[in-house]
Amino acid sequence: MSFRMSKGAFWATLAVFLVGVFCFGPGMGQTLAQEKVIKIGTLFPLTGPVATAGQRCQAAVQTAVEIINNKHPELKVPLADQEGILDGYKIVLVHADSQGKPDVGKAEAERLFNQEGVWALIGSYNSSVSKPASLVAERMKRIFMCGASSSAALTQRDMNFFFRLAPTDETESVEFVETLKWLNQKKKANIETIGLIYENSEFGKHAAGEAKKAASAAGLKVVADVPFSPGATNLNSEVQTLKNANPDAVLGALLGADYSLWIRTMKQMAWAPKIAISYCSGYQDPVIAKQLGPDADFFMGSTAYSPQFNVLMPAVGDVEKIFKTKTGGVPFDGDSIQEAVAMLVLAQAIQKAGVLDAEKVAETLHANTWDSPLSLGGKVAFAKGGQNSKAHSVVTQLQGGEYKRIFPEEMADTEIVFPIKPWNQR
Amino acid sequence: METFLQVLIDGILSGMVYALVAAGLCLIWGVMDVINFAHGEYLMVAMYVSYWLGFLVNVDPLVSTIAAGVFIFGLGALTYKLIIRFTIGKPGLVALLATFGLAVFLKNLCMNQFSPNFRILSDTWLGGKTFHIGGIILAVPQLMAAVLALVVVVLLYLLINNTRFGWAVQATAMDRDAAELVGINTERIYILVFGIGGACVGIAGGIMPSYLAVHPEVGSMFGLIAFVCVAMGGFGSIPGAFLSGILVGVVEALAGFYIAPVFKYVAVFGLYLAVVFLRPKGIFGW
């Protein structure tokens, strides 16, 4: 028996099928919901040498969006007690991977705006990616919220749509030198010389430049200046150069696996300075700190958050529970929490502006001081150029695998171990 | 003088590991004329094999390096059976692109399965151990890796030059058709060559978790340096690849210390360009 469909029946069936797809298919919900959706793009290094950090930053933004889109009365965070913003608008995230490369980041920023139609961007962890990607946003008069990138140059461009939450390497450099001066006064540390080790990138070079300025202002002599290629097979020459110069203090800007390789190479060469302080780097990565074990102890760095800070930031604990469900139990770190703050502050500004107009929201961001229980200072306010003038961090030291607060003295919870214990005495 | 000797020894130790990675690539390249772009990723997979054996069943990298070698031998043989044999006799670009695809596949597979996290094995037998000769510090993990590299490269050299199997490999490399005419099973030779080439890099990767963090990107730079060693040493020359590996390690260390650390790869690739320009067939090429 053969089955033949007449032409009329065929077209009728096709018409019914198409109507069905358009009206009742999965696209329908999306189409209707589009009226009440704000698309936000995220741009982080999801693959490449710093992918671990990038993935945690993305999870932090997702955590913030979960709080904004749903009612969470138990959380002491702005917008947690309501569903959505602007009377029912929900945030939808569109994710992109910068691979930690400036050219890829710029291309992805263009794609997110032009093809995905995102309303604003959040990113990009690497300063070298944030720089070109934020230029794309500025040109299109769209907001770029930058959580963790620390290069001070980013907020020295007088851009109108760029907002950065983290402290800059300029502020951190001053803070590090203040720590050294404090040690000289309080502990008679006699720190006179400094060594710098940093990745040869926008982030590393700028951090080193700021470190040199701060050191020179404080009368400290830079005796070793060691840039290196990120992802190197070894750091033998780099550490040997430091060892040869034997500075009293080392300031480091090393990300991810490079940080652990640096620590291990110093151990192998049986050398450590009296004190080593790191910029936003592998130092803050709780996973690396855990894996390095006792080898990570007594090194220092700036920290905007660690679980040991809960006494200063009590609201974080419950938010962190949501975050941990997305990271397999890994808590917030100083970088990822800034990305969550970036999303929350942007949502507050949209709510306050009352309209989805990027220029108005940018003006609102500049004009107000924002409550931010996930920030160390509890507030966020943006200066001209977009820098968060309320950004704070604390100099911490890893002791027994925990980030202990050391400086400023009024925020300290532990005595510093100085100098770093020799490798054979741990 | 002490510092110079320290830098030189560090360079030689790194260079011997580069040499072992390059020896496997050299064998595959010399015999089959196939550029294996996935060589660095073989190293990364071997490091994961060793890491997981250490993490899950507490096997030290010094032992699991053998398992990593065997695993990558199998991966190499499988690569030949599933991919490379279809590219034999076709333009060289086909095999190159196929192995490039394999490299991307392996990297992303590991990224997906193991996440991009950096994984460090602590409490290994050799981890953090050093011994001192005068003022020179020798790191035991790197020293063992170098000794292992030397042993494996010597064995590989003897295998290729002093055994019937090795002569069959050489005959296949010179003229596949003629080798088949005298009864050599060239298909089998190809599988074994790809496997042995993989095993070399597998052994190198297997011992590395003693001192290096494991992550999906870790093999890229080693793979690139292996290409430089093979091209500098001369295509198909195992002694050439070995000496080039050591030369690369030494140049990298000396340039890194005496010129600037950031200059070390500039010096390595500059040397490579100079050798290729002055002697395109490499130092030991024919």
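The values are calculated or read from the model by the stated rules, or taken from the named source; none is laboratory data. Predicted model only: the values in this text are computed from it and were never measured. All Cβ positions, even for glycine, are placed from backbone atoms using ideal geometry, and neighbour counts span all protein chains on display. We work out accessible area using only protein heavy atoms, side chains counted, and drop any ligands, DNA or RNA first. Shrake-Rupley method; radii C 1.70, N 1.55, O 1.52, S 1.80 Å.
For this structure, a couple of remarks:
So that you can scan it fast, the table gives a plain yes or no per residue for (1) open to solvent by 10 Å² or more (accessible area, probe 1.4 Å); (2) basic (K, R); (3) within 19 Å of the chain's Cα centre (by Cα):
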position	(1), (2), (3)
A:S134	no, no, yes
A:A137	no, no, yes
A:M140	yes, no, no
A:I143	no, no, yes
A:A153	yes, no, yes
A:F161	yes, no, yes
A:L165	no, no, yes
A:E170	yes, no, yes
A:S173	no, no, yes
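To keep it simple, each residue is scored yes or no on (1) touching a residue at least 24 places away in the same chain (Cβ under 8 Å); (2) within 22 Å of A:P331 (Cα to Cα).
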{"position": "A:L43", "(1), (2)": "yes, yes"}
{"position": "A:G48", "(1), (2)": "yes, yes"}
{"position": "A:T52", "(1), (2)": "yes, yes"}
{"position": "A:R56", "(1), (2)": "yes, yes"}
{"position": "A:T63", "(1), (2)": "yes, yes"}
{"position": "A:K71", "(1), (2)": "no, no"}
{"position": "A:Q82", "(1), (2)": "no, no"}
{"position": "A:I91", "(1), (2)": "yes, no"}
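- Within the stretch A:336-391, the residues that satisfy the criterion of being in a loop (DSSP other than H, G, I, E, B) and either of a type in the set (D, E) or on the phi > 0 side of the Ramachandran plot (or both) are A:G354, A:D357, A:G378, A:G385, A:G386.
- Checked against (1) in contact with an Asp or Glu (Cβ under 9 Å, 6 or more places away or on another chain); (2) within 14 Å of chain A (Cβ to nearest Cβ); (3) not in a helix (DSSP H, G or I), B:F235 passes all but condition (2).
- Of all the numbered requirements in (1) within 14 Å of another protein chain (Cβ to nearest Cβ); (2) at pLDDT 95 or above, B:T65 misses one, and that requirement is (1).
- Taking the criterion of being under 14 Å from B:W29 (Cα atoms), open to solvent by 20 Å² or more (accessible area, probe 1.4 Å) and in a helix (DSSP H, G or I), the residues of the stretch B:86-116 that qualify are B:G92, B:L93, B:L96.
- Residue within the stretch A:117-125 that is within 14 Å of another protein chain (Cβ to nearest Cβ), of a type in the set (S, T, N, Q) and under 28 Å from A:N200 (Cβ atoms) present: no
- Taking the conditions (1) among the acidic types (D, E); (2) open to solvent by less than 30 Å² (accessible area, probe 1.4 Å); (3) free of Cβ contacts under 8 Å to residues at least 12 places away in the same chain in turn, B:D60 satisfies each one other than (3).
- Evaluated against (1) modelled with pLDDT of 95 or more; (2) closer than 27 Å to A:D285 by Cβ; (3) surrounded by fewer than 19 Cβ atoms within 10 Å (Cβ to Cβ), A:D103 falls short on exactly one condition, (1).
- Inspection of the stretch B:118-135 identifies no residue that is surrounded by 14 or more Cβ atoms within 10 Å (Cβ to Cβ) and in a helix (DSSP H, G or I).
- The single condition from (1) under 13 Å from B:F37 (Cα atoms); (2) touching a helix residue (DSSP H, G or I) at 6+ places or on another chain (Cβ under 6 Å); (3) of a type outside the set (D, E); (4) open to solvent by 90 Å² or more (accessible area, probe 1.4 Å) that B:F71 fails is (1).
- Some residue of the stretch B:148-165 being within 30 Å of B:I12 (Cα to Cα), modelled with pLDDT of 90 or more and in contact with a strand residue (DSSP E or B) (Cβ under 9 Å, 6 or more places away or on another chain): no
- Residues considered: A:K212, A:K187. Of these, the only one that is more than 14 Å from chain B (Cβ to nearest Cβ), charged (D, E, K, R) and more than 30 Å from A:F44 (Cα to Cα) is A:K187.
- Qualifying residue in the stretch A:234-250 (condition: within 18 Å of A:L398 (Cβ to Cβ) and in contact (Cβ under 8 Å) with a residue 40 or more places away in the chain): yes
- Close Cβ contacts (under 6 Å, 6 or more residues apart or on different chains) running from residues in the stretch A:330-344 that are in the same structural domain as A:T52 (by TED's automatic domain parsing) and open to solvent by less than 10 Å² (accessible area, probe 1.4 Å) to residues that are assigned to a loop (DSSP other than H, G, I, E, B) and polar (S, T, N, Q) comprise A:V341/A:S372; A:V341/A:S375.
- Residue list for the stretch A:393-407, filter: among the hydroxyl-bearing types (S, T, Y) and over 11 Å from A:Q308 (Cβ atoms): A:S393
- Failed item, numbered, when A:D248 is tested on (1) closer than 20 Å to B:G11 by Cα; (2) acidic (D, E); (3) at pLDDT 95 or above: (1)
- When the test is whether a residue is more than 10 Å from every other protein chain (Cβ to nearest Cβ) and over 16 Å from B:S220 (Cβ atoms), B:G101 does not pass it.
- Output for the stretch B:104-130, where each listed residue is within 11 Å of chain A (Cβ to nearest Cβ) and either farther than 16 Å from B:P209 by Cβ or basic (K, R) (or both): B:V104, B:K107, B:N108, B:M111, B:N112, B:S115, B:P116, B:R119, B:K129, B:T130
- Counting only strands (runs of 3 or more DSSP E) that sit wholly inside the stretch A:219-311, those with at least 3 residues that are surrounded by fewer than 24 Cβ atoms within 10 Å (Cβ to Cβ) and more than 12 Å from chain B (Cβ to nearest Cβ) are A:221-228.
- In the stretch B:248-284, of all residues being surrounded by fewer than 18 Cβ atoms within 10 Å (Cβ to Cβ) and among the small types (G, A, S), the one that is nearest to the other protein chains (Cβ to nearest Cβ) corresponds to B:G270.
- Considered as a group, the residues in the stretch B:192-212 that are at pLDDT below 95 and open to solvent by 10 Å² or more (accessible area, probe 1.4 Å) include one that is farthest from A:I288 (Cα to Cα), and that residue is B:Y211.
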